[in-house]
1. May I ask you to list the residues in the stretch 5-49 that are acidic (Asp, Glu), in contact (Cβ under 8 Å) with a residue 40 or more places away in the chain and farther than 23 Å from Pro165 by Cα?
2. State the number of residues belonging to the stretch 152-163 that are of a type outside the set (D, E, K, R) and buried (at least 18 other Cβ atoms within 10 Å of the Cβ).
3. Scan the stretch 31-39 and tell me whether some residue there is polar (S, T, N, Q) and part of a helix (DSSP H, G or I).
4. Kindly indicate whether Asp52 is free of Cβ contacts under 8 Å to residues at least 60 places away in the same chain and closer than 17 Å to Thr216 by Cα.
5. Among all residue pairs at least 6 apart or on different chains, which show Cβ distances below 8 Å where the first residue, located in the stretch 123-134, is under 24 Å from His211 (Cβ atoms) and the second is part of a loop (DSSP other than H, G, I, E, B) and among the basic types (Lys, Arg)?
6. Return the pair list, or none, for Cβ contacts closer than 8 Å from residues in the stretch 150-169 that are touching a residue at least 60 places away in the same chain (Cβ under 8 Å) to residues that are of a type in the set (Lys, Arg), at least 6 apart or on different chains.
7. One residue is enough: does the stretch 49-63 have a residue meeting the conditions buried (at least 20 other Cβ atoms within 10 Å of the Cβ), in a helix (DSSP H, G or I) and in contact with a helix residue (DSSP H, G or I) (Cβ under 9 Å, 6 or more places away or on another chain)?
8. Just to be sure I understand, how many residues within the stretch 231-256 are in a loop (DSSP other than H, G, I, E, B) and either surrounded by fewer than 17 Cβ atoms within 10 Å (Cβ to Cβ) or in contact with an Asp or Glu (Cβ under 9 Å, 6 or more places away or on another chain) (or both)?
Amino acid sequence: MRTACFTVDLDRDVNFPPEAGGKALSLDRGSGTAPRFSSSRKGAEILADLFDETGIKGTFFAESTALRETDAFRYIGGNEIALHGLDHEDMTQADICETRYILTEASDAIKDITGKRPAGFRAPYMRINDEHYKILENVGIRYDSSKYAPVGTVPYKIGGITEIPVTESTDRRGKRITAYLWPMHEGGRSPEEYIEMASEMKDGIFVIATHTWHMTESRKDGIMDEKGAARNTENVRRIIEAMISEGYVFRTMDSVRI
């Protein structure tokens, strides 16, 4: 069976790590680099509506601060809510004690908001160390999705954690392509390239990833107008509907872990 997981990072708008590590900042759009959440809030609502319209369930990896600041649980509550840090910290810049604190506090915060402790984790910036897996296990996380792997890769174990990687392949030009939709949102790839990538898979788990903020804001070009956001949404819809037409069944991440 062809299985797909549509995953979404719910975090602060156009985020980047400060040089000294710690809480992520937002790209300056004229009012400084303090964290912003307005694009993420709009994007969460757009994706929740799109998932409802196409009849799928997704997995939202939520930075717990963003989940609170956007009040996004009102929109995405019918989907799986997993963990994406406390304030989108680069875990590779934190020591073991700091990492344990961040993950524990963030997990507790998500439970307070949703009523359920998160089962999964994706590291901010997709940066994870081997030592983090034991910490994840100790705070009750059961699966991770912070790595990339070729089309057709099935979930595998790292210690007591199931790794469910984001899918990658090679395009017609021989260049690496991942199922992180970032380049499409920035105008660098078309929906058809991701559809073609998905058509390669016969068995396994095809994992797509995007950001809530990327639905309404481009890192390169700034906040989208209504036409730009609608075009961006339609591109995501085309990918989902094409994959469903090819026989893919969309499932949440926790439902496919081993």
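1. If the condition is that a residue be acidic (Asp, Glu), in contact (Cβ under 8 Å) with a residue 40 or more places away in the chain and farther than 23 Å from Pro165 by Cα, then Asp13 is the only one that fits.
2. 4
3. Checking the stretch 31-39: at least one residue is polar (S, T, N, Q) and part of a helix (DSSP H, G or I).
4. No, not satisfied.
5. Met126/Lys147; Ile128/Lys147
6. Correct list of pairs: Pro155/Arg257; Thr162/Arg142; Thr162/Arg257; Ile164/Arg257; Val166/Lys147.
7. Taking the stretch 49-63 first, the residues buried (at least 20 other Cβ atoms within 10 Å of the Cβ) are 51, 56, 58-63.
Pick out the ones that are also in a helix (DSSP H, G or I) and you get 51.
Now restrict to residues that are in contact with a helix residue (DSSP H, G or I) (Cβ under 9 Å, 6 or more places away or on another chain): 51.
Yes.
8. Adding up the residues that qualify gives 3.
Read the figures in this text as sums done on the coordinates, not as results from a lab. Predicted model, so just to flag it, every value in this text is computed and none were measured. Every residue, glycine as well, gets a Cβ built from its backbone with ideal geometry; the counts of neighbours run over all protein chains shown.
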